[in-house]
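The values are calculated or read from the model by the stated rules, or taken from the named source; none is laboratory data. In this text the structure is predicted, and so the values were computed from the model without any measurement. Neighbour counts run over all protein chains shown; Cβ positions are idealised from the backbone, glycine included. Note: areas computed on protein heavy atoms with side chains; ligands, DNA, RNA excluded. Shrake-Rupley method; radii C 1.70, N 1.55, O 1.52, S 1.80 Å.
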Amino acid sequence: MADLLVEQPQEITISKTFPTKPKLKSKPKTPLKTPESKYWSSFKSHQISNLISSIPSIDFSPISPHHFAAANSASLTLFSSRTLSPASTISFSDVVTSCSFRCDGSLIAASDLSGLIRVFDVKTRTPLRRLRSHARPVRFVKYPLLDKLHLVSGGDDSVVKYWDVAGESVVLDLYGHRDYVRCGDCSPTDGEMFVTGSYDHTVKLWDVRVDSKESVIEVNHGNPVEDVIFLPSGGMVATAGGNSVKIWDLIGGGKMVYSMESHNKTVTSICVGKVGKESGEEALQYRIFSVALDGYMKVFDYAKMKVTHSMRFPAPLMSIGFSLDCMTRVIGSSNGIIFAGRRKAKEDAGESKVGNFWALGNVEEPRALRPTYFRYFHRSQGEKPNEGDHLIMRQKKVKFAEHDKLLKKFRHKEALVSVLGGKNTENVVAVMEELVARRKLLKCVVNLDDEELGLLLGFLHKHSTMPRHSGLLTGLTRKVLEMRAEDIRASDALKGHIRNLKRSVEEEIRIQHSLQEIQGVISPLLRIAGRR
C-alpha cells in the first residue's frame with residue numbers, strides 16, 4: 001500500500017517561444033497574388049508596334065506551331081507564335097475586318113469592308129476563292145471546326161450566309177436579325193450548327209438542317225452584341241456586349257447562367273483558353289478571356305463564377321486570341337499595337353540546347369560518376385519530388401529580434417526601451433500587448449528614467465491618435481500622465497512632449513467634430529434618397 005501512495009513524477013514539457021507580433025495587422029496596400037494570377041503574370045510581354053491601325057480580329061492556327069493572323073488596315077499579317085515576328089503579309093483592296101483558319105490550318109479566310117470574302121493558301125499566300133454575295137461590309141467570317149468545305153459569314157446587311165467554298169456559292173441565306181450582324185462562332189461538337197450575334201441585342205443559334213431557315217434558339221443580351229463564342233462543351237455560349245459578359249445554357253433552352261460585369265466600358269472581344277499547368281488545382285481548366293475599351297483584360301473562371309486575374313494595358317483593346325498549346329496570348333489594340341505574351345516552355349529550352357549542340361560540333365560524353373568524385377556525394381540534390389513521394393520539410397530556424405530575446409529572459413523594461421528606440425511601430429505595439437498579457441506594462445512605466453520616459457511620450461504623441469492603435473495607446477497615455485505627473489512637472493523636456501501630445505489630441509478632436517458635422521448634413525439626404 002505504501003508503494004501506491006508514492007506520487008509519480010510528472011513529465012515536464014518545455015513550451016516553444018515565438019516572436020511577438022501585433023494582434024491588429026495593417027492590411028497590405030496591394031493584394032497578394034494567387035497561384036493562378038502568378039501563372040498569368042508569367043507570360044513574358046512583348047509589343048508588336050509596326051502595324052498601322054486598329055486590329056479588329058485575331059485568330060490562331062489550330063495546328064502546331066499555332067501561328068496567328070491579325071487583321072490590320074488593308075492587310076492580313078501572319079505571325080510566328082514562337083518568335084512573335086511577322087512571317088508574311090496578304091494585301092487587300094479594302095479594310096480587313098475578320099479572319100479564320102480552317103481546321104487543318106492549311107487555308108485562311110478573310111473578309112473586308114467591300115463585302116468580299118477571300119480564301120488563301122497559308123504557305124504560299126495564293127488566293128484560291130473569292131466569295132461575293134453580301135451587299136454591305138462583312139463583319140465576321142468563320143470556318144466550322146468539323147467541316148473543311150463550308151464557311152459562315154455575317155455583315156452589315158443583317159444577313160447570315162452559309163457558303164460552299166469549293167463552288168463559291170451560297171448554300172443558305174438566313175434572315176432573322178434586324179440590325180448589323182457583328183460576330184459569330186461555330187459549334188465545337190456539331191459542324192452544322194453555329195451562333196451569331198447582332199446589334200439588335202439578340203444572339204441566334206442556327207442549324208442548317210432546319211428546313212424553315214429560322215433560328216433554333218434566340219436569347220437577348222440586353223446590349224448590342226460585340227462577340228459570341230461557344231464554350232468547349234458545346235452546350236453553352238458566352239456573349240459580350242455593353243460592359244458585361246453573359247453565359248447562356250443552350251441545352252436548357254437559352255437560360256442565362258451568369259452575368260459578369262467587371263469592365264467599365266464596352267467589352268469588344270472574348271475567347272476561351274486553357275490553363276496549361278501540369279499540376280495543381282487550376283491545371284487544365286478552361287477560362288474566358290475578355291478585353292474592353294477600358295484597357296483591361298479579365299480572366300474569368302466560369303466553373304467558380306469569379307474573375308481570377310486582371311491586367312491593364314495602355315490603350316483600348318479590340319481583339320484577343322489564345323493558342324491551343326496554352327503558350328501564347330495575343331491582344332490587339334485600337335492604336336495598332338499588338339500586346340503579345342508568351343510563356344517559356346521546356347521544349348523551347350530543349351530546342352536551344354539542340355541548336356547549341358549542332359553549333360559546337362562534337363561534344364564529349366559526360367564521365368560516369370565514381371565514389372572518388374565530389375559530384376558523386378551530391379547527386380540527386382536538385383531532384384524534385386514525384387507525386388507519390390512523402391516530403392519531409394526541414395524546420396526553419398526562427399530568428400528573434402533583440403526585444404524578443406529580452407522578453408524571453410523576462411527583462412521587460414529593457415525590452416520596452418529597446419523597441420522604443422527603433423522605428424517599427426508594429427513591434428512597439430506588439431511588445432506592449434505582450435507586457436499587458438504578462439501584467440508588467442505599468443510596472444515598466446514606473447521604472448523608466450526621464451530619458452526613457454521621453455521616448456515613450458514621443459511615441460504616444462505620434463501614434464496615440466491612430467485608429468488602429470488608439471484603443472491601447474489612449475488608455476496607456478492616461479495612465480502615464482497619472483503615474484508620472486511629478487516627474488513630468490520637474491522636467492522641461494518632458495513638458496515639451498506633453499505640449500506636443502496635447503496639440504495632437506486637440507487636432508484629432510477637431511477632426512472628429514468636423515466629421516460629425518458632415519455626417520449630420522449627409523444623413524438626412526440619404527434618408528430622403530432612400531424613400532424615393
Quick one: what pairs do we get from the stretch 304-316, first residue over 17 Å from Arg329 (Cα atoms) and in the same structural domain as Ser45 (by the TED database), second among the basic types (Lys, Arg) and in a strand (DSSP E or B), C-beta under 6 Å, 6+ apart or different chains?
Val307/Lys298
Of all residues making up the stretch 138-155, the number that are under 22 Å from Thr89 (Cα atoms) and open to solvent by 30 Å² or more (accessible area, probe 1.4 Å)
2
Only one of these conditions is not met by Pro144: (1) assigned to a strand (DSSP E or B); (2) within 18 Å of Asp227 (Cα to Cα). Which number is it?
(1)
With the requirement that a residue be touching a residue at least 24 places away in the same chain (Cβ under 8 Å) and of a type outside the set (A, V, I, L, M), what does the stretch 283-300 give you?
Tyr286, Phe289, Ser290, Asp294, Tyr296, Lys298, Phe300
If you go through the stretch 140-180 one residue at a time, how many are touching a Leu at 6+ places or on another chain (Cβ under 8 Å) and of a type in the set (S, T, N, Q)?
1
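Yes or no: Ala283 under 25 Å from Arg82 (Cα atoms), assigned by the TED database to the domain that holds Ser61, touching a Ser or Thr at 6+ places or on another chain (Cβ under 6 Å) and in a loop (DSSP other than H, G, I, E, B)? Don't jump to the end; show me each part of the working.
Numbers: under 25 Å from Arg82 (Cα atoms): yes; assigned by the TED database to the domain that holds Ser61: yes; touching a Ser or Thr at 6+ places or on another chain (Cβ under 6 Å): no; in a loop (DSSP other than H, G, I, E, B): yes.
Here the answer is no, as Ala283 does not meet what is asked.
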In the stretch 476-512, what residues are within 23 Å of Leu416 (Cα to Cα) and out of contact with any helix residue (DSSP H, G or I) (no Cβ under 8 Å at 6 or more places or on another chain)?
Arg478, Glu482, Ala485, Glu486, Gly496
Any chance you could count how many residues in the stretch 413-429 are within 14 Å of Lys462 (Cβ to Cβ) and either part of a helix (DSSP H, G or I) or basic (Lys, Arg) (or both)?
6
Is it fair to say Gly241 is over 19 Å from Asp59 (Cα atoms), out of contact with any strand residue (DSSP E or B) (no Cβ under 6 Å at 6 or more places or on another chain) and in contact (Cβ under 8 Å) with a residue 40 or more places away in the chain?
no
Is at least one residue of the stretch 265-275 in a loop (DSSP other than H, G, I, E, B), over 23 Å from Arg178 (Cβ atoms) and in contact (Cβ under 8 Å) with a residue 12 or more places away in the chain?
yes
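Just to check your reading of the model, which residue among Met260, Met256 is crowded, with 19+ Cβ neighbours inside 10 Å and closer than 25 Å to Asp179 by Cα? Give the derivation first.
Numbers: Met256 fails: crowded, with 19+ Cβ neighbours inside 10 Å.
Within the list Met260, Met256, the selection yields Met260.
If I ask for residues that are within 14 Å of Ser53 (Cβ to Cβ) and polar (S, T, N, Q), which ones from the stretch 64-88 would you list? If you could, list the steps in order and put the result at the bottom.
The first filter runs over the stretch 64-88 and keeps only residues within 14 Å of Ser53 (Cβ to Cβ), leaving 70-77.
Across the stretch 64-88, the qualifying residues are Asn72, Ser73, Ser75, Thr77.
Determine if the stretch 340-348 includes at least one residue that is over 24 Å from Thr239 (Cβ atoms), open to solvent by 10 Å² or more (accessible area, probe 1.4 Å), free of Cβ contacts under 8 Å to residues at least 40 places away in the same chain and among the acidic types (Asp, Glu). Give the steps one after another, and end with the answer.
Residues of the stretch 340-348 that are over 24 Å from Thr239 (Cβ atoms), as a first pass: 340-348.
Among the residues that remain, those that are also open to solvent by 10 Å² or more (accessible area, probe 1.4 Å) are: 342-348.
The next check asks that each one be free of Cβ contacts under 8 Å to residues at least 40 places away in the same chain; those that pass are 345-347.
Retained after the next criterion (residues that are among the acidic types (Asp, Glu)): 347.
There is at least one residue in the stretch 340-348 that is over 24 Å from Thr239 (Cβ atoms), open to solvent by 10 Å² or more (accessible area, probe 1.4 Å), free of Cβ contacts under 8 Å to residues at least 40 places away in the same chain and among the acidic types (Asp, Glu).
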Can you name the condition, by its number, that Arg343 falls short on among (1) farther than 26 Å from Cys99 by Cβ; (2) modelled with pLDDT under 90?
(1)
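Go through the stretch 230-240 and give me each residue that's more than 21 Å from the chain's Cα centre (by Cα), of a type outside the set (Phe, Trp, Tyr) and crowded, with 17+ Cβ neighbours inside 10 Å.
Just the residues of the stretch 230-240 that are more than 21 Å from the chain's Cα centre (by Cα), to begin with: 230, 232-237.
So of that shortlist, the ones also of a type outside the set (Phe, Trp, Tyr) come out as 232-237.
Answer for the stretch 230-240, where residues must be more than 21 Å from the chain's Cα centre (by Cα), of a type outside the set (Phe, Trp, Tyr) and crowded, with 17+ Cβ neighbours inside 10 Å: Met236, Val237.
Quickly run through the stretch 379-393 and pick out the residues that are of a type outside the set (D, E, K, R) and either in contact with a strand residue (DSSP E or B) (Cβ under 8 Å, 6 or more places away or on another chain) or open to solvent by 100 Å² or more (accessible area, probe 1.4 Å) (or both). Break it down stepwise before answering.
Within the stretch 379-393, the first condition is being of a type outside the set (D, E, K, R), and the residues that meet it are 380-382, 385-386, 388, 390-393.
Scanning the stretch 379-393 gives Gln381, Asn386, His390, Leu391, Ile392, Met393.
I want to confirm something. Restricting to the stretch 156-203 and keeping residues that are of a type in the set (Ser, Thr, Tyr) and more than 18 Å from Val228 (Cα to Cα), which single residue is most open to solvent (accessible area, probe 1.4 Å)? Steps first, answer last, please.
So in the stretch 156-203, the residues of a type in the set (Ser, Thr, Tyr) come out as 158, 162, 169, 175, 180, 187, 189, 196, 198-199, 202.
From what is left, the residues that are more than 18 Å from Val228 (Cα to Cα) are 169, 175.
Details: Ser169: 48, Tyr175: 152 Å².
By that ranking, first place goes to Tyr175.
Yes or no: Gly176 of a type outside the set (A, V, I, L, M, F, W, C), assigned by the TED database to the domain that holds Arg132 and in contact with a Pro (Cβ under 7 Å, 6 or more places away or on another chain)? Please lay out each step first, then the result.
Numbers: of a type outside the set (A, V, I, L, M, F, W, C): yes; assigned by the TED database to the domain that holds Arg132: yes; in contact with a Pro (Cβ under 7 Å, 6 or more places away or on another chain): no.
No; evaluated as a whole, the condition is false for this residue.
Please find, within the stretch 420-454, the residue that is nearest to the chain's Cα centre (by Cα) out of those that are β-branched (Val, Ile, Thr) and surrounded by fewer than 18 Cβ atoms within 10 Å (Cβ to Cβ).
Filtering the stretch 420-454 for residues β-branched (Val, Ile, Thr) gives 425, 428-429, 431, 436, 445-446.
Checking which are surrounded by fewer than 18 Cβ atoms within 10 Å (Cβ to Cβ) leaves us with 425, 436, 446.
Values: Thr425: 33, Val436: 43, Val446: 54 Å.
That would be Thr425.
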Thr308: passes all of (1) within 25 Å of Ser64 (Cβ to Cβ); (2) of a type in the set (Val, Ile, Thr); (3) open to solvent by 20 Å² or more (accessible area, probe 1.4 Å) but (1)
